[in-house]
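The values are calculated or read from the model by the stated rules, or taken from the named source; none is laboratory data. Just so it is clear, the model here is predicted, and its values are computed rather than measured. Quick reminder, even Gly has a Cβ in these numbers, built from the backbone with ideal geometry, and neighbours come from all protein chains shown.
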Amino acid sequence: MAAYKTTCLAQIEKEYGAKTAPECGWSLAKNFPGGVSAEEKHTLEHCSVFDRCHTMRIRITGKDVLAKLSGVTGFEVVPELAVIRGEFSGDGFTLLSMAEDDVLLLAGDRSTVETLTKELADLEFTDLSEVLAQLDIAGAELESVLGDFDIQPEEIPDENSIVRRAVAEVNSIMVRNTALPVPCVTLIFTSEYAEGMWEEFVETFPVKPAGFAAWNALVKKAEQGSDTE
């Protein structure tokens, strides 16, 4: 049986007391000292940093890339939107329009990428998952935390925009994540800076590290909330 993969943050998370468990073919930080419920509560009331480096980051290029992806996945192409969210084969995905005929696909399920690659053989798919790291910063106090990184409220992306700027002196892509019931931004940057960036946030009050169990619980809470609206 193949060994579980680990993210580029596995070692530093271990130093902070992470308890690991299998998830999506990876050995990931399930929770940190204090437990899952405490992490969920802290995120709802304050702010947490989540290691999301295990998810897929795929660059897709080629003529009419958005139209072709739309034809397979069924999302509506709105030219003025830089961020498109959809679902394919039960897996949610996000498309970031980086330039003309150049998008970055964020997806949690490798099978989604494999299917799209087969269906759209005339497009070029480049796996950047190991080159780029991904952190999600989430919580009721997100705006205050980002302010400590000199990110002003007007610079925080809305649901339809991408912000490119330095965060902790690291060039980053910043996009809103709508999967949680609290404000959340996704940061994408070169993986060589992952440990430093993660620790910068952990050491910023009131941010604490949180694992995938709290993330999954918060996603479920958001889904239940939307079902009752």
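Odds and ends about this structure:
- In segment 152-176, of all residues being part of a strand (DSSP E or B) and among the aliphatic types (A, V, I, L, M), the one that is surrounded by the most Cβ atoms within 10 Å (Cβ to Cβ) corresponds to Val175.
- When residues of segment 15-52 are limited to those that are farther than 14 Å from Lys221 by Cβ and of a type in the set (D, E, K, R), the one nearest to the chain's Cα centre (by Cα): Arg52
- Residue match in segment 127-146 (condition: more than 29 Å from Lys30 (Cβ to Cβ) and surrounded by fewer than 20 Cβ atoms within 10 Å (Cβ to Cβ)): no
- Of all positions in segment 199-209, none carries a residue that is under 25 Å from Ala82 (Cα atoms), modelled with pLDDT of 95 or more and of a type in the set (Phe, Trp, Tyr).
- For segment 1-50, filtering for residues that are farther than 25 Å from Tyr193 by Cβ and outside the structural domain of Glu141 (by TED's automatic domain parsing) leaves 3.
- Selection from segment 158-171 of residues that are in contact (Cβ under 8 Å) with a residue 24 or more places away in the chain and either among the aliphatic types (A, V, I, L, M) or touching a Ser or Thr at 6+ places or on another chain (Cβ under 9 Å) (or both): Glu159, Ile162, Val167, Ala168, Val170
- Those residues of segment 179-220 which are without any contact (Cβ under 8 Å) to a residue 60 or more places away in the chain and either in a helix (DSSP H, G or I) or crowded, with 17+ Cβ neighbours inside 10 Å (or both), in sequence order: Pro183, Cys184, Val185, Leu187, Phe189, Glu192, Gly196, Glu200, Thr204, Asn216, Val219, Lys220
- Candidate set: segment 80-95, residues that are at pLDDT 85 or above, of a type in the set (A, V, I, L, M, F, W, C) and not in a loop (DSSP other than H, G, I, E, B); chosen: the one farthest from Val163 (Cα to Cα): Phe93
- The residues of segment 1-32 that are among the basic types (Lys, Arg) and at pLDDT 95 or above, listed by number, are Lys14, Lys19, Lys30.
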